[in-house]
Amino acid sequence: MSVTVKIMERKGSSFLEKIYLFEIFKGMRVTLGHLWRNLCDNSRLYVRHYPEVKPEITPRWRGRHRLTTHEDGTVKCVACFMCQTNCPAKCIMIEAGERMDGKSEKVPVRFDIDLLECIYCGYCVEACPMDAIRMDTGIFSVTSYDRESVFVGIDELLATKGAFDEEEYKKGGA
Amino acid sequence: MSQLDILLVLLRVAVGAFVPLCFIAVLVWLERRGAAFFQDRAGPNRANIFGFRAAGLVQNAADGIKLIFKEDVIPGHSAHKFYFVLAPLIVFFCALVSFAVVPFADTLVLEGKQYIMQGIPMDLGILWFLAITGFAVYGIILAGWSSHNKYGVLGALRASAQVISYEIPMGLALVSLLVVYGTINLNEIVHFQGKLLFGFIPMWGVVLQPLAAVIFIVSAFAETNRTPFDLAEGESELVAGFHVEYSAMKFALFFMGEYVAMFVSSSIIITLFFGGYQIPWLSTETLVAYAKPVSMLLMGLVPVAAALFCGWMMKNNKSHYDRPNDPRVREAKVYRIIIWMMVVVVEAVLVGYLLYAAGGAADRILVVLLQIVTFLVKTFMMCFVYVWVRWTLPRFRYDQLQLLGWKMLLPLALLNIFITSAVVVALS
Amino acid sequence: MTKKNIRKGALDIMFAEWLFFGLAGLSVLGAIGLILFRHPMNGAMSFVVTLISLAGLYALLSAKLLFAVQLIVYAGAIMSLIIFIIMFLNIQEHDLPDEEGKGLFLLGGAVVITPIALFLYKIVKSLPGSDTKIIGNGFGDVREVGLILFKNWLLPFEIVSILLLVALVGAVVLAGKKGVGK
């Protein structure tokens, strides 16, 4: 296998370029063009007016977590601790209890995620054998005035619905 | 001291001291919005008072209030707290005082008395500017040294070495300029530039001394520590340079000092190279002689300018997303009313002038006002060039900076002196 | 009207005198500080105060050019270089030498200087009553000083400039590294 060598032309050696001044003026012409364009019509700025105009979130986007449920509304999680073991940031804390409705042996009594610790890597979603935890809520801005409210428990995780329908999620994500 | 004297002293002090201070706000605004538009962004456009954003100027007020109420930290590890407090004061004060000799209008003659239109009536001219800008180095050195911080010391080292070495090409460029003008008095320099070369080109310094203009402007950029020579505060390597340890109003003083220095050096560049307060082709005598036609022309131009500006504003001052009852459109409507009211006031004043006061003292006052406006517009444009260059060029490397200063600008300035002196001697 | 003018003139003279005393006092204080401060930065800064107040004294004597030159060259350039070097060396408290027997030195110095000071005092006292007037128009202006310098004192001026050039070249030779690039 031969290596292809491409010799780039080295710029900046001619006299005019060495004076700098003309090259500087060229650059200034470019920036002034941008200023003038935006000054004449500021609707052409390449910006999203963020808090009012939200960005579009794709199903693959790893947002805030949620816990999924069976059809009858019971929690899918079986407290196998796979996600907690896998978590590189150690932000998931599960406490298991006995399950009485016969769907499995264990059920999480507590399922806390410290969102300040979470690095949104998605390993918990990949590790889950039951497809019980997902990051498809589309919530990308986790902000609050105190630490307690970003320490989410099982009730909040169960209450949040996914932002995409099942088919779209399957196509995009898993 | 008659009442007139006191009034004119007040005017001088107002323009000499408050215009640089007001320009801080304008320049910070210009820097932010200009930077944003150069980079296809919007810039600060949210801060408002009852929905009035004044094109983003309100953001400056918010920042000012924030800086006033922030905790003022004096680092405990600093062994020389006196110098630590003194340094920002030196920087700000020097920047402000160096404006005192820049004439912002021609000498006003009222009732046989002459009133020199500059902050301090003193004919040291450009020497005063050189003397005072030299002092600003103390502030930088003391700030970096007394904060006892490696970034601070490195930033101060860079800044002071840069300022000291660029003062030399600056001074030499000035020498050739002074050879041409034959005076150090800035007002006389501006008078000189009111003449015409070959009868149709204004004898501006930039026409007579293009090389000196380039050298002086480059050195002025370096003196004010602005991009492309702002490695004193190169944030990627030195965090912020000599003012890392400063907070609250002490930091604000450095910040404001930087912008006042930018304003002052723009005004000096304008005065030396771009005709100062002179309106091109219209010297003071011409303006006084033709005060009536000029004011009639103004009466025609002011509404046209206002209409153009209003059209532009109504087109651009609106929200670019669905918003019921858009407050920005309402804001623009209020601005439009204010602008037209101002136009009406200006027209009324001009009509009053034409009917009752034309000829005599009012002509001269009108001319002085026109020249102040010209001076401010020109200085604003030069400040815009500062901003423009800042958002176009990347930062120099430190050795490149010193090479440019010592190996390019210094020999060029010396060469320029020789050529200029030879030409001046040959012509005289 | 005339009485008022006279009083105003007297007030002006008073003001100038007060300025003179203030500036003179400041310059002496700065000089004392230069000697007495232990830290070199304090010493240098008090010397700057001396230089600035000397510039003020020149301005009082309506020597405008000298005032500007004093500010630009001494206070602006030379002292800022010295302070730059002091910052560069980064001298800490423990780097400073012990100054044992400082009081003794001061006492000895005072004893030696006192007769000279008395002598000087006598000279100053024997000066004829000063009747200072501004000599001609534009005295101390850039143009006047330049004309005198380049007409009457051209040769000394050039000799001094050559001397400075020699000093400059000498400094470059001394500072230049030997054997680099060989």
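Among the listed pairs B:Lys81/C:Lys102; B:Lys195/B:Lys315; A:Lys26/B:Lys195; A:Lys26/B:Lys333, those whose Cα-Cα separation exceeds 30 Å are B:Lys195/B:Lys315; A:Lys26/B:Lys195; A:Lys26/B:Lys333.
Charges on Cβ only, +1 for Lys and Arg, -1 for Asp and Glu, centred on the Cα centroid of chain A; of A:Val47, A:Ile24, A:His65, which one is farthest towards the dipole's positive end? Sorting the options by dipole projection puts first A:Ile24.
Taking Cα centre as origin and charging only the Cβ of basic (Lys, Arg, +1) and acidic (Asp, Glu, -1) residues, the dipole magnitude of the protein assembly as shown rounds to 1640 debye. Positive-end ranking of B:Ile184, B:Tyr151, B:Leu197 along the dipole of the stretch B:110-269, with charges on Cβ about the Cα centre, is headed by B:Leu197. Given axes a ≥ b ≥ c from the Cα gyration tensor, I'd like to know whether the stretch B:1-159 is rounded (a/c under 1.5), prolate (a/b larger than b/c) or oblate. Because a/c hits 1.5 or more and a/b fails to exceed b/c, the stretch B:1-159 counts as oblate. Averaging Cα coordinates gives a centre for the stretch A:123-174 and one for the stretch B:222-290; these two points are 53 Å apart. Here r is the Cβ-Cβ distance between C:Leu89 and C:Arg38 and R0 is 25 Å; the resulting FRET efficiency, rounded to 0.05, is 0.95. If R0 is taken as 56 Å, the Cβ-Cβ distance between B:Ile6 and C:Leu96 corresponds to a FRET efficiency of 0.55.
For chymotrypsin sites (Phe, Trp or Tyr not before Pro), the sites in the stretch B:1-104 that DSSP calls loop and that have at most 10 other Cβ atoms within 10 Å are B:Phe50. Sorting B:Trp204, A:Trp61, A:Trp36, B:Trp340 by solvent-accessible area of protein heavy atoms yields A:Trp36, A:Trp61, B:Trp340, B:Trp204, largest first, with a 1.4 Å probe.
Using the Cβ of B:Leu89 as centre and a radius below 15 Å, the other residues enclosed give a net charge of 0, where K and R count +1 and D and E count -1.
Indicate the helices, whole DSSP H runs only, in chain B that combine a mean Kyte-Doolittle hydropathy of 0.0 or more with a Cα extent along their long axis of 30 angstrom or more. Length and hydropathy pass: B:126-146, B:150-181, B:248-273, B:291-316, B:327-352, B:361-390. Pairs of C-alpha atoms in the stretch A:66-171 farther apart than 23 Å represent 25 percent of all such pairs.
The local environment of A:Ala96, defined by Cβ-Cβ distances under 10 Å, has a net charge of 0 under the rule Lys, Arg +1 and Asp, Glu -1.
Within the stretch B:58-160, the trypsin sites (Lys or Arg not before Pro) that combine a DSSP coil assignment with at most 14 other C-beta atoms in a 10 angstrom radius are B:Lys70. A simple charge model with +1 on the Cβ of Lys and Arg, -1 on the Cβ of Asp and Glu and nothing else charged puts the dipole of the stretch A:66-171 at about 220 debye relative to its Cα centre. Nonpolar atom fraction for the protein assembly as shown, defined as the carbon and sulfur part of the 1.4 Å probe accessible area, stands at 69 percent. Summing charges over neighbours of A:Asp114, with a neighbour being any other residue whose Cβ is under 15 Å away from its Cβ, gives -2 when K and R count +1 and D and E count -1.
Per-residue ellipticity at 222 nm, computed for chain B from helices alone with -39500 (n - 2.57) per DSSP H run of at least four residues, works out to -22000 deg cm²/dmol. For A:Val47 and C:Ile116, the FRET efficiency from 1/(1 + (r/R0)^6), where r spans their Cβ atoms and R0 equals 60 Å, is about 0.20.
When the listed pairs B:Lys113/B:Lys292; A:Lys76/A:Lys161; B:Lys70/B:Lys250; A:Lys106/A:Lys161 are checked against a 19 Å cut-off, the alpha-carbon distance exceeds it for B:Lys113/B:Lys292; A:Lys106/A:Lys161.
Note on C:Leu60 and A:Arg37: their simple-model spin labels are 6.4 nm apart, each label 7 Å out from Cα toward Cβ. Farthest towards the positive end of the charge dipole of the stretch B:265-335, among the residues B:Tyr321, B:Met296, B:Thr286, is the Cα of B:Tyr321, using unit charges on the Cβ of Lys, Arg, Asp and Glu.
Here B:Lys407 is the anchor, and the aspartates and glutamates within straight C-alpha reach of less than 12 Å, apart from those fewer than 8 places off in the same chain, are B:Asp399.
For the stretch B:378-428, a/c is not less than 1.5, where a ≥ b ≥ c are the root eigenvalues of the C-alpha gyration tensor, and a/b does not top b/c. That puts it in the oblate class. Between A:Lys6 and B:Asn48, the modelled labels are 5.0 nm apart [label points 7 Å from Cα along Cα→Cβ]. When +1 charges are put on Lys and Arg Cβ atoms and -1 charges on Asp and Glu Cβ atoms, the dipole computed for the stretch A:14-53 relative to its Cα centre reaches about 60 debye. Between B and C, roughly 2200 Å² of accessible area is buried in total, ligands, DNA and RNA not counted and the probe set to 1.4 Å. A straight chain from C:Leu81 to C:Phe105 at 0.36 nm per residue would run longer than the Cα-Cα distance by 5.7 nm. Here the contact order of the stretch A:66-171, divided by its residue count and restricted to Cα pairs under 8 Å and six or more residues apart, works out to 32 percent. Using the average count of surrounding beta-carbon atoms within 10 Å as a protection proxy, the listed peptides A:140-151, B:131-142, B:283-294, A:157-168 rank, highest first, as B:131-142, B:283-294, A:157-168, A:140-151.
The values are calculated or read from the model by the stated rules, or taken from the named source; none is laboratory data. Since the model is a prediction, treat every value here as computed from it, not as a measurement. Cβ atoms come from the backbone with ideal geometry, glycine included; neighbour counts cover every protein chain shown. Just so you know, the surface numbers come from the protein's heavy atoms only, side chains and all, with ligands and any DNA or RNA stripped out. Shrake-Rupley method; radii C 1.70, N 1.55, O 1.52, S 1.80 Å.
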